[in-house]
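The values are calculated or read from the model by the stated rules, or taken from the named source; none is laboratory data. In this text the structure is predicted, and so the values were computed from the model without any measurement. Cβ: placed from backbone, ideal geometry, glycine included. Neighbour counts: every protein chain shown. Ligands, DNA and RNA are stripped out before the accessible areas are found, and what is left, the full protein with its side chains, is counted by its heavy atoms. Shrake-Rupley method; radii C 1.70, N 1.55, O 1.52, S 1.80 Å.
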Amino acid sequence: MTQTYGGGVPLAEVVRSDFVEGLHHGSVVVLDGTGAQVAAVGDVTSPVFPRSASKPMQAVAMLRAGLALTDPADVALVAASHAGEDFHLARVRALLADAGLDESALGCPPDLPMGELAREAVVRAGGAATRTAMNCSGKHTGMVLTCLAAGWPRDGYWEPEHPLQQAVRRVVEEFTGEPVAAVGVDGCGAPVLAVSLTGLARAYLRLVRAEPGSAARAVADGMRAYPEVVGGTWAEDSRLMRGVPGVLAKIGAEGVIAAALPGVGAVAVKIDDGAARARMPVLVSALRRLGVRAPVLDEYAALPLLGGGLPVGAIRSRW
């Protein structure tokens, strides 16, 4: 039987009017700049699906397989879970058009933009879901272009047995330092590979420590240079990368986030119930254990809870 995630401990609390009305359980691991574990709670050794936090490693596999992108912002897009803002969609369409393709080449499902403002704009205009607007369209565009560059078939590029996905698996195992424990289907239809939180944090540390000129360094540098391309104007990981120079960060569905800072360390978080609202306060607490300080961390340390339209409490880390 495949090993499964064992679950975490109370990591964040929901405080309303000085009364703790709820808890979010989860797990978090903190590594120092050498990769040694300095703190951990919950289950950080059993596998989890990192979801979109895997995208930097998927991007490394694409570049190694021959994907040639001259603009670092396009590298960031390939590793993105974008909000579907106009500049995201324009960049996806341009990459496809340069290859003589359109969104029909993408295997991801049609969707409305993930970003609230972008989604509302589409709805107000009477627009419909498209593959381009799907938050993983940058990754899927990169995968299609990688197949063209490597001479691999485009049909079924999202299948686990496809040469592209086998290349991704090798990179994930290399960077996490552990075998993939399970293979699932991500929300976009591409494979998602189960590794431990410790392995995920280790992978992010390796990304930011990669040698200049390497595929891994190109991914880390592209994401950090163009954080809004990775997420969006208001995305948590984008704002974190903009507010903490040198940090690499990426969110994933189901309450996952990973971050690393060269010479400092790395963090990986999993919130058991998948609540996005809990992951940033926990991440902030973990980064502070590594001595990281920045105004953006103060903003995310306690997220406001409203009552009658006014702040009456907060979601905050209790770890």
Heavy-atom surface of the range 263-319, accessible at 1.4 Å and reported per residue (Å²): 43
Paramagnetic reach from residue 4 in the range 15-59 [backbone N under 15 Å; point 7 Å along Cα→Cβ]: 46-49
Cα shape, the range 265-305, gyration tensor, a/c 1.5 rule: oblate
Base-10 log of normalised Debye intensity for the range 1-138 (one unit scatterer per alpha-carbon) at q = 0.13, 0.16 Å⁻¹: -0.83, -1.00
At 0.692 mPa s and 37 °C, Stokes diffusion of the range 176-238 via Kirkwood alpha-carbon radius, µm² per second: 244
Zero-based 10 Å bins, Cα pair distances in the range 197-319, whole percents: 14, 45, 32, 8, 2, 0
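Carbon and sulfur atoms: what percent of the 1.4 Å accessible area of the chain do they account for? Write out the running numbers ahead of the final one.
Numbers: 6780 of 12820 Å².
Heavy-atom surface of the chain belonging to carbon and sulfur, 1.4 Å probe: 53 percent.
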Euclidean distance between Cα centres, the range 211-236 to the range 255-319, Å: 20
Translational diffusion coefficient (Stokes-Einstein; Kirkwood radius from C-alpha pairs) of the range 141-182 at 25 °C, 0.890 mPa s, in µm²/s: 226
Alpha-carbon Rg with Dmax, taken over the chain, Å: 18.9, 61
Calculated Rg and Dmax of the range 223-290 using C-alpha coordinates, Å: 11.2, 32
Volume per residue that the Cα convex hull of the range 123-278 spans, once the total is divided by residue count, Å³: 144
Charge dipole (the range 50-159, unit charges on Cβ, about Cα centre) - positive-most of 94, 54, 112: 54
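Just want to confirm a number: the relative contact order over the range 168-256, from Cα pairs under 8 angstrom separated by 6+ residues, in percent. Let's see the in-between values first.
Working: 93 pairs, mean separation 14.4, N = 89.
Computed over the range 168-256, the figure is 16 percent.
What does the highest-first list of 164-171, 281-288 look like by mean Cβ count within 10 Å?
Details: 164-171: 20.2, 281-288: 24.4.
The packing order, highest mean first, is 281-288, 164-171.
Over 22 Å apart: what share of the alpha carbon pairs of the range 142-219 falls there, rounded to a whole percent? Write down the numbers at each step before the final one.
Details: 912 of 3003 pairs.
Of the Cα pairs, 30 percent sit more than 22 Å apart.
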Spin-label proximity, residue 170 to the range 45-89 - amide N less than 15 Å from point 7 Å beyond Cα toward beta carbon: 58-67
Cα-based Rg of the range 67-194 normalised by 2.2 N^0.38 Å, two decimals: 1.08
Nearest-ten-degree value, helix 276-289 long axis tilted from longest Cα axis of the chain: 70
